[in-house]
Amino acid sequence: MTRRSLVVGNWKMDLSHKAEVEIVRSLKELFKGVTLEQTDVVVCPSFPSLAAVADGLKKNQKIAVGAQTVYWEEHGPVTGMVSVSQISPFVDWCLVGHSEQRAITGETDEQVAARAGLLVRHGITPVVCLGENAEEREADQSVDKVTKQMKVLIGALTRAAIAKIVIAYEPIWAISANNPGELPEGDEVAGMAVLIRKVAAGRFGSEAAEKLRVIYGGSVNEGNVDQYIEEPGIDGVLPGGASLQPRQFMEIVKKVEAAA
Ligand code: PEP
């Protein structure tokens, strides 16, 4: 089966509101020359910029908008959090379970799964981030960690939801903010994509699991993206730092589209 390719730019909390709006202008200009047939492209600004970025990109058919997280309940007395109905006018995508969110808020696998289920019910595609940290990698526990995260996630989803979610395998040690000394090889990430679909197949069968999109995140740039997207089981990438540079982001997108 053919899965569409995907590039998700995570802007984190790196830019001012003004800079986020300015990036949109550059992206619109740069992407005029890019033809996309097989690739979905998403940028994930900060919450306060969602409306402005969505407005800036509304006539642009090539770049969609995503949020960086969402709360797992529909509404309530939850000061400081943001609900699905508050992001839904602006986004079609949403990151969940990013390792920085997990670390800061103590988000559990169960809460990540609840967020993903809620987003699917609201027609927003969750991009669920998972992966091991440096100590777990060192202790040879990467497979166990990813298997557990996947089992909790799919335990909370329906078979139909598998085609409506994306898994971003993001080994925490490979994220640029963690100053990685090395990055995983393409075949290592491809092995994780096999594992991720195997866990999904264990619950819903291999036909459903084949529909599951799996992308890689961790210090992706235009110089290293090829080794990941050349692997047949990897459907795209999630660049953080590199997505803040519009030209570099465009080059990554062009490479992903060319490999699709
Ligand atoms: C991220 O944190 O989602 C990420 C992949 O960042 P970077 O590309 O900068 O490692």
In this structure, is T158 in a helix (DSSP H, G or I), of a type in the set (S, T, Y), out of contact with any Gly (no Cβ under 8 Å at 6 or more places or on another chain) and away from the ligand (no atom under 14 Å from the Cβ)? no
Within the stretch 216-225, of all residues that are of a type outside the set (S, T, N, Q), within 15 Å of the chain's Cα centre (by Cα) and assigned to a loop (DSSP other than H, G, I, E, B), the one nearest to the ligand (Cβ to nearest atom) is G217
Among the residues of the stretch 114-149, how many are on the phi > 0 side of the Ramachandran plot and crowded, with 18+ Cβ neighbours inside 10 Å? 1
How many residues are more than 13 Å from the ligand (Cβ to nearest atom) and either crowded, with 22+ Cβ neighbours inside 10 Å or not in a loop (DSSP other than H, G, I, E, B) (or both) if we restrict to the stretch 168-202? 16
Hey, does the stretch 82-95 have a residue that's within 16 Å of the ligand (Cβ to nearest atom), in a helix (DSSP H, G or I) and in contact with a Gly (Cβ under 9 Å, 6 or more places away or on another chain)? no
Checking the structure you have, find out if any residue of the stretch 203-216 is touching a strand residue (DSSP E or B) at 6+ places or on another chain (Cβ under 9 Å), among the polar types (S, T, N, Q) and either free of Cβ contacts under 8 Å to residues at least 60 places away in the same chain or buried (at least 16 other Cβ atoms within 10 Å of the Cβ) (or both). no
Going through the stretch 23-74 one residue at a time, which ones are closer than 18 Å to L6 by Cβ, part of a loop (DSSP other than H, G, I, E, B) and among the aliphatic types (A, V, I, L, M)? V34, L36, L57
When the stretch 226-252 is checked residue by residue, the ones that are within 20 Å of G33 (Cβ to Cβ), within 12 Å of the ligand (Cβ to nearest atom), out of contact with any Phe, Trp or Tyr (no Cβ under 9 Å at 6 or more places or on another chain) and assigned to a helix (DSSP H, G or I) are Q248, F249, I252
V42 vs (1) under 21 Å from R213 (Cα atoms); (2) touching a Phe, Trp or Tyr at 6+ places or on another chain (Cβ under 6 Å); (3) more than 16 Å from the ligand (Cβ to nearest atom): all pass except (3)
Any idea which residue in the stretch 150-162 is farthest from A116 (Cα to Cα), counting only those that are surrounded by fewer than 15 Cβ atoms within 10 Å (Cβ to Cβ) and not hydroxyl-bearing (S, T, Y)? A160
How many of the residues making up the stretch 158-172 are under 16 Å from E136 (Cα atoms) and in contact with a Leu (Cβ under 9 Å, 6 or more places away or on another chain)? 3
Take the conditions more than 16 Å from the ligand (Cβ to nearest atom) and modelled with pLDDT under 95 and apply them to K18. Does it pass? no
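The values are calculated or read from the model by the stated rules, or taken from the named source; none is laboratory data. From a predicted model like this one, the values you see are computed outputs, not experimental measurements. Cβ sites come from the backbone with ideal geometry, for glycine too, and all protein chains shown count toward neighbours.
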